[in-house]
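Data block below; observations after.
FYI, it's all coordinate maths here, none of it is from the lab. Please read all numbers here as calculations on a predicted model, not as lab measurements. When we count neighbours, we look across all protein chains shown, and the Cβ atoms used for this are built from the backbone with ideal geometry, even at glycine.
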Amino acid sequence: MQGMLLAVDRLSTWIGQAFSWTIVLLTALITWEVFSRYALNQPHDWALNGQIMLYGVLFMMSGAYTLAKNGHVRGDVLYGFFQPRTQATVDLVLYLIFFLPGIFALTWAGWEYAQESLAIREKTFSATPLPLYPFKFAIPFAGAMLLLQGIVEIIRCVICLRDGEWPSRERDVEEVDVDKLKQMVKVSDADIAALDSYVGGKPGSAS
């Protein structure tokens, strides 16, 4: 079971990392349009639509990745003090009542939305229209990935309720944990205070 959960984590991670390159395309497009508009006096009417679509794809496709890394916003002020079983109970209730119905509706409606767009070969409203229907298929795809990752998180809640601790998950780039960093380099708070005192006490330095 744990292998299956981690496999879904890895899939969500791979998709999120792959679509993260959209940031590079978006940055390049914005940079070129600003240069073209102000330096060459040649603005493009399709550029804004392209930027919106790229950002939309980036936003949608990062959902499952963020869920896999347990990175979505929650009220940690209270949640962090709960025991693992209490955390799992709260998560499980919220997943079943709010998450599953909402994401299922997003996936279902998104598929219908994309199919209708494809049927009429929908394009953007501009003098130089861009095809819009390929990007609309990102909606049901992102919804399906969120649904799959959500099922994995529900299973994790059930395992935590059974075992009393959270099962492991696929790891990726994380924020720096200062306490862990100090342990790794074997630096104590006293060492840091002594260094600050030494630097602050040097002639010509601000104290």
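Give me the distance in nm between label points sitting 7 Å out from Cα along the Cα-to-Cβ direction at residue 78 and residue 193, one decimal.
3.6 nm
Search the structure for amide H atoms under 5 Å from the amide H of residue 69, placed 1.01 Å from N in the peptide plane, and list their residues when 5 or more places away or on another chain.
Here nothing satisfies the definition.
I want to check the label-to-label distance for residue 96 and residue 120. Put each point 7 Å from Cα in the C-beta direction and report it in nm to one decimal.
4.1 nm
Kindly write out, for segment 105-119 in residue order, the coupling ³J(HN,Hα) from the Karplus curve 6.51 cos²θ - 1.76 cosθ + 1.60 (θ = phi - 60°), rounded to whole Hz, with x marking Gly and Pro.
Per-residue couplings from phi come out as 5, 4, 5, 5, 5, x, 5, 4, 4, 5, 5, 5, 5, 5, 4 Hz.
Name the residues whose placed amide hydrogens come within less than 5 Å of the amide hydrogen of residue 169, ignoring near sequence neighbours (fewer than 5 apart) on the same chain.
Those lying under 5 Å, H to H, from residue 169: there are none.
Using the Kirkwood formula on the Cα atoms of segment 71-141, what hydrodynamic radius do you get, in angstrom to one decimal?
Evaluated on segment 71-141, it is 15.1 Å.
Taking H as built 1.01 Å from N, whose amide H comes closer than 5 Å to the amide H of residue 123, not counting residues under 5 places away?
Result for residue 123 returns 132.
List the residues of segment 36-57 whose backbone N lies under 19 Å from a point placed 7 Å from the Cα of residue 21 along the Cα-to-Cβ direction.
Within reach of a label on residue 21, which here means backbone N under 19 Å from a point 7 Å along Cα→Cβ, segment 36-57 contributes 51, 53-57.
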